[in-house]
Structure formats: C-alpha cells, structure tokens
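Down below is the structure, laid out as structure tokens.
The numbers here are math on the coordinates, done by the rules we state, and not lab data. None of these values were measured; they are calculated from a predicted model. Positions of Cβ are backbone-derived with ideal geometry, glycine not excepted, and every protein chain shown enters the neighbour counts.
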Amino acid sequence: MDILTFITASTDTLPASALELLAAARDLGQRSGDARVHALLIGADVEPHAEHLIHHGADDVLVVSHPDLAYPEGDVALAILETVVQQVSPDVILFPHDDFSGGHVAPRLAYRLQTGIVTDCTGFDVQDGAIRWLRPVYGSKAMAYMLIQGDGVQLATTRSLAFEPLPADPDRTGETQTLEIDLASITPLVPLVDRIVEEAEYAGLSLDQADIIVSGGRGMEEEENFAILRELANVLNAAVGGSRPAADMGWVPHSHLVGQTGKIVAPNLYVAVAISGAPQHMSGAGSAKTIVAINKDEDAPIFKVAHLGIVDEWQNVLPPMIEAAKAVVEKQRG
Ligand SMILES: Cc1cc2nc3c(=O)[nH]c(=O)nc-3n(C[C@H](O)[C@H](O)[C@H](O)COP(=O)(O)OP(=O)(O)OC[C@H]3O[C@@H](n4cnc5c(N)ncnc54)[C@H](O)[C@@H]3O)c2cc1C
C-alpha cells in the first residue's frame, strides 16, 4: 500500500498536523499489512523540514519549494497534487482537517479523481482489507464508520490532535526528492489578491496553535468586554475564541469562532465564559481535555459537559481569576 500525506509548511515551522498525519499514515499502514508512507511537502524554503518528516515516519519526502508557495492557492496545490498522484499512484491520500488542505484542496481533488473522501476522521480500522474510516457525526453526538466504495484511491482528512505524533527516530533514513513543477504555467481560477492577517493583529495565538483557549459568548454583552478575556488569555498564553453570536457581532473574528461551523479545537484547557453550551458550540470544543465554564445560569447546558463549573456573573469571576493566574505564573517563573 502507498499512502501519500499532504503537508504545507512555512520556512520556520512545520505544523503539528504534519507529524500527526505521518502517525496516522504509519498506523494505517501497519493495520493494512505493509505500507510506504510518502510526504508531499510544499511551501517556501521548506527543504530543511524533510529530514524531520523522515525521523517522524515518512519513507520518502517529495518537496515542492517555491517563494509563491508561502501562501499556496488551492488551484496550485491541486495541480501539484495531481502531478504527484500520477507519480506515486497512492492507495490513500491523507490531509489535515484544516481550512486550506482539508476544507479546500482535498474535496476538490476527490472530485477530480472521481473518488470518495471522508472528512474529519479521528481513527480507522481495517476489516478484510477494507478501510473503515471513523468520524464524529450528528454534531459529535455519535461516531460512525464510513466505507469508500470502489477500488480507487481513498481520500481522508484527519482531525487535529486525533493522532499522537510518533517520537522522533534520528536513525530513520529515507529519500528526499525535489520536484520541479512549473508553477507559472498554473493559472488559478481564484487568485490570491491580498492577505489580511486578522488573527495576528487580533490576538497573539490562533486557535490551532493554542494549548489553552479562553472563549466568550453572547453573555459578554459587547465587544469592549472581550478585553478582559484577552487579558486572561495573555496571562495564560492562551488564544481567544468565541461562540457564534460573538463572531456574528464582530466581537471576535470568524477565524476565532469555535463550533460546528467554525474551528474544531482540542486544547488542554477550554475556558467558556458566558457561553450556554449549545451542541453546535460543543461539537467544536467538546474534545478539550478540561473544560471550565463560567455562567450565571446554573441550568446552562454547558455545566453538563464542564469538568469545573462556576455559577456566577463573569464580572465577579474574571478579575480575581486573572489575579490568581498572574500569581501562579509569577510563582512558576520563580
Ligand atoms: C446549523 C447551525 C450551526 C451552528 N454553528 C455554531 C458554531 O459553530 N458555534 C457556535 O458557537 N454556535 C453555533 N450555532 C449556534 C448555536 O446553536 C447557539 O445559538 C450558540 O452557540 C449560542 O451562543 P452563546 O452560548 O454565546 O449564546 P446564548 O445561548 O445566548 O448563551 C449566553 C449564555 O451567557 C450566559 N450569561 C449571560 N450573561 C452572563 C453573565 N453576566 N455572566 C455569566 N454568564 C452570563 C447565559 O446564562 C447564557 O447561558 C449554530 C447553529 C446552527 C443552527
């Protein structure tokens, strides 16, 4: 079996999802008998990441490195993938379940290859040679196994943090091949005209990077009140998120919306402030290891899923919580 993983990286950083994908690929390979795991790595000046990918499970790395790939366009990524698919003839292609790779590129590639795709997978098993892809359904209220019909290549996207990266093995060796693809000959249907780096300006960390997320809901009442959430987030080195009303009212950018129609996150700690805990919100936040809820309504549904609940107005809870967090952080610094 040949498994192709699709990895986009920046010059400085390899996303955590890259190593998670390789772990998923190795796991799938083991369950299917024998597999060769290929990593397609695209970005600007990304060659130095190749060795790291090999140490974490890739058998070979196909690198497409070009300054224009610092922020790749969907059509360009698709054209690269089509070339590589012809070269590798994979049985399975794995993508991270993010906006670009999983949301934009993978479904279009599935259409072009006329094959099936299962998105947001958290696991799989192999029965009689057939892969059963496991994914949450009904807003994460249930899990379902999906089968892709036919003998063609199978595509899947994997949920962030669903697979634990393999420890680095510096003795692993593999082949790195630099592919020369004429990017100038690819005309994107939807070209990138401008980039607005909203989250960097909004708050230091994006939801994907954060180990801790502090989210606010409708009960925060107005945009100015999010300043106190940002203060707490600063102390905890956390990202700031929001529920649908908070995003719709412009209190947080849409890239910081948590939930079914926003980001699915799985931080170590999720602090939900004045959020009722609707299923559509919790399907994005429910995988957090620890959920702390602050809500003035003791019957709010969030208390059914929270590990720690505080029934009070956020105005009473957040100021002492920030002071306490500052004291802990200062003590840790010694
Ligand atoms: C198809 C679909 C997709 C959706 N996708 C999403 C999604 O991706 N993400 C999402 O979040 N929602 C989504 N929603 C909306 C979702 O159903 C809820 O309406 C939404 O999550 C509610 O947001 P909220 O908890 O901030 O507001 P509310 O439900 O209005 O809750 C506000 C809470 O704040 C508490 N509160 C008020 N004042 C205070 C105070 N001073 N101190 C403490 N607590 C206070 C209240 O007790 C209440 O529990 C979706 C809905 C649909 C139909």
Only one residue in Val265, Val240, Val193 is more than 16 Å from the ligand (Cβ to nearest atom) and not aromatic (Phe, Trp, Tyr), so which one is that?
-> Val193
Go through the range 279-298 and give me each residue that's surrounded by fewer than 17 Cβ atoms within 10 Å (Cβ to Cβ), free of Cβ contacts under 8 Å to residues at least 24 places away in the same chain and within 12 Å of the ligand (Cβ to nearest atom).
-> Asp297, Glu298
Residue among Arg36, Arg31 that is surrounded by fewer than 18 Cβ atoms within 10 Å (Cβ to Cβ) and either in contact with a Lys or Arg (Cβ under 9 Å, 6 or more places away or on another chain) or farther than 23 Å from Thr83 by Cα (or both) | Arg31
Looking only at the range 221-237, which residues are in contact with a strand residue (DSSP E or B) (Cβ under 7 Å, 6 or more places away or on another chain) and within 15 Å of the ligand (Cβ to nearest atom)?
-> Phe226, Leu229, Leu232
For the range 128-169, which residues satisfy the criterion of being loosely packed, with under 14 Cβ neighbours inside 10 Å and of a type in the set (D, E, K, R)?
-> Asp128, Lys141, Asp151, Glu164, Asp169
Out of the residues in the range 243-262 that are among the β-branched types (Val, Ile, Thr) and buried (at least 21 other Cβ atoms within 10 Å of the Cβ), which is nearest to the ligand (Cβ to nearest atom)?
-> Val258
Output for the range 313-334, where each listed residue is loosely packed, with under 12 Cβ neighbours inside 10 Å and within 15 Å of the ligand (Cβ to nearest atom) = Pro320
If you go through the range 65-74 one residue at a time, do you hit one that is crowded, with 21+ Cβ neighbours inside 10 Å and assigned to a helix (DSSP H, G or I)?
-> yes
